[in-house]
Amino acid sequence: MKEFFHKLTSVSLSVKIIGFSLGILMVVLVVASYNAINIVKDQERLFIKNEEKNIKGLQEDMDQLAKQYLSTALALAEENITKEAMRSRNRELLIPYAQKLFKKINTYAPEPIKIHYHIPPGLSFLRVWNPQKWGDDLRSFRRTVVQVQKTGQPIAGIEAGRAGLAIRGIAPVVDEDGSVLGSVEVFSSISTHAKEVALPGFRDVAIFRKEIVKTFNDKSSINIGNFKLIYITKDEIFKPVFSEDFLKKAEREISHYRQEHILYIGAPIKDYSGRVTGVWISALNLSAFESAQKEIIYKNIISTAILALLSALLIFWHTKRTVIQPLRACLVAVDKVAEGDLDTEVKIKNKDEIGKLAHDINHMIHNLRNLVAKIQQGSDNIEKAENTLIDSSERLLDVSQKAQDKITILVDSSQGNRERITQLASANEQITSTVQNVSQNVGETVTMLQQVTEQVENTIGVISQLNQHFAKIEEVVAFISQIADQTNLLALNATIEAARAGEAGKGFAVVANEVKELARQTANATEKIVNTIQNLHHLVEGSVEAVHKVDELVTPLKEMAENMAVAMEQTAHAAQEINLQSQGVLDSTSNCFCHLDEIKKVIHEVMKAAEFSNETAQRLRKLSHDLQETISKFKM
């Protein structure tokens, strides 16, 4: 497979275009054939659809014809002679009139029709086309006759009879008093209608009647299940559909079956009540249709093939003239350039993509000539510059060695400075730690003094409240003293009144003495309370003075402690700042040391680069020599 693709890619462009054109031709032929076949299938489907529509129209045509027959039957039923003959059961009166009318109707009718008169309760009264046969009972299979005579209502439609299926119009004959005297029927056989539809060599027709009721025994007829053949144009054509399955399927809906070039379409035939009473089968010979369609397909394919071939030849000619030949000229120029001949040019005046390609190739050749000339000039300049590069590399090596020695000395000095700064930073950290501890202790002292101040203020507040309570107690004691004095006065008055009362007031005098004694005790107790409160009041005032003295002593101490805390905080901040500056100096020294180390490494790399530059200059000299030899091969 790989070898095949390799060979395929090696094929010339002309062969590829021919192959591509033939491929397009094949695709066009396939597409044209496919489209032609689809068109034929679509036409065939349309043809079948039209035939199905025609078969559906047959039922409508037959129902319309039945209505026409009914209108004729209604006219006959209204004739006085019809009513008189049926009223008197006089056939001889009706026969001449009916036969004359029968001949006249069939003279102008498009198809033969028959007229049949009936009398209750469903007996044949007069068959106009066969007057000798009459009196037979029709009730067992002619339901329309019985229904019309019973209801007095006309009926139009298809119904089975002794001769098979017929298109019928049945009208009642009603007397003046409204009684039904009989009925008149105008009909024609459905076979007659089928003969008109059939077209020899194209459309053949077969009609099967469904045996709903027993009408006649015809041993020569073909029976398939409960279907009886009543009409056929050609027996041999319909043998493939002489099956109960197809007839039952056609009984339900329009069905079709194809065998070779014959298409069978079956459809149900419905009677006057809408029930299926038979099956209509059309056999369509599609030979002529298929031949015409095949001829259309062949013509389309041939015309498409010729058109595609001419198009392919035209495309190939135009492609060869506008693409292949210009491309070959471009390839020749490119091959010459590949061999070193830059004194060539592509002569194409096209303005399309190929012309642009030729113009670009010419431009490329021109640029190559300029490039080779510049390379040759540059090679000379390289040879001059390589000597300068060698001298510069040697001087760079010498300078780098001296710089490396100086950097080594500077690194040693930086290392000593870094150690001293580290010691200074350590000592400063110890100072900072001590100051922070002292500051913390001072802060705690300030806090304690603050608490003492708060307690003193609270004590002063409590003592002030206590003085207020003492004042209230003194007021209450004064009030009690007044009550005691009044009580003593009342007791004195009571004693006086008891003395006046004599013997009767002795008991009251005892009580008055007791009250007087109680008032005296109350006054003594009140005086003691007043003395005690006054002593307490003096003590509280002394406490207030002592507390105020404590507050006066604590306040300066607190201010001194706060000032000391601020000073210690500033000292700690200064120590911390010194520590930060020391750390910055240490970091700067470390960075300087690192940078010096990096500079030392860079100088070492510079020395290596100088050595490599020297080696590169030597190789560049050899490369310049080789380049000059290569350029000498080009033909300018």
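Observations, loosely collected:
- Pairing residues of segment 97-114 that are in contact (Cβ under 8 Å) with a residue 12 or more places away in the chain and part of a helix (DSSP H, G or I) with residues that are hydrophobic (A, V, I, L, M, F, W, C) and open to solvent by 40 Å² or more (accessible area, probe 1.4 Å), at Cβ distances under 7 Å and at least 6 apart in sequence or on separate chains, gives TYR97/ILE81; PHE102/TRP129.
- Within segment 145-170, restricting attention to residues that are crowded, with 22+ Cβ neighbours inside 10 Å and among the charged types (D, E, K, R), the residue that is farthest from LYS270 (Cα to Cα) is ARG168.
- Wholly within segment 242-351, helices (runs of 4 or more DSSP H) carrying at least 2 residues that are among the charged types (D, E, K, R) and under 30 Å from ASN362 (Cβ atoms): 325-338
- Considering segment 417-434, and only residues there that are at pLDDT 70 or above and of a type in the set (Gly, Ala, Ser), the residue that is farthest from GLU552 (Cα to Cα) turns out to be SER426.
- Counting the residues of segment 330-344 that are under 25 Å from ILE18 (Cα atoms) and open to solvent by 40 Å² or more (accessible area, probe 1.4 Å) gives 2.
- Residue that is modelled with pLDDT of 75 or more and either in a helix (DSSP H, G or I) or under 30 Å from ASP485 (Cα atoms) (or both), where the choices are ALA574, ALA565, ALA609, ALA519: ALA519
- Residues of segment 304-326 that are under 19 Å from ALA32 (Cα atoms) and of a type outside the set (A, V, I, L, M): THR304, SER311.
- Inside segment 131-144, residues that are closer than 25 Å to LYS104 by Cα and surrounded by 11 or more Cβ atoms within 10 Å (Cβ to Cβ) make up a count of 2.
- Selected residue [under 58 Å from the mean Cα position of the chain (by Cα), more than 30 Å from GLU615 (Cα to Cα) and surrounded by fewer than 14 Cβ atoms within 10 Å (Cβ to Cβ)] from LYS320, LYS356, LYS347: LYS356
- Among the residues here, ILE483 qualifies as more than 60 Å from the chain's Cα centre (by Cα), modelled with pLDDT of 80 or more and surrounded by 12 or more Cβ atoms within 10 Å (Cβ to Cβ).
- Of the residues making up segment 65-72, none is surrounded by 14 or more Cβ atoms within 10 Å (Cβ to Cβ), at pLDDT below 85 and of a type in the set (Ser, Thr, Tyr).
- Residue in segment 435-455 that is in contact with an Asp or Glu (Cβ under 8 Å, 6 or more places away or on another chain), open to solvent by 90 Å² or more (accessible area, probe 1.4 Å), modelled with pLDDT of 75 or more and closer than 30 Å to LEU536 by Cβ present: no
- Selection within segment 76-96 - in a helix (DSSP H, G or I) and either charged (D, E, K, R) or touching a residue at least 60 places away in the same chain (Cβ under 8 Å) (or both): LEU76, ALA77, THR82, LYS83, GLU84, MET86, ARG87, ARG91, GLU92
The values are calculated or read from the model by the stated rules, or taken from the named source; none is laboratory data. As the structure is a prediction and not an experimental result, all values here were calculated from the model. Don't worry about glycine lacking a Cβ; one is built from the backbone with ideal geometry, like all the others, and counts go over all protein chains shown. What goes into the accessible areas is simple: the full protein's heavy atoms, side chains included, and nothing from ligands, DNA or RNA. Shrake-Rupley method; radii C 1.70, N 1.55, O 1.52, S 1.80 Å.
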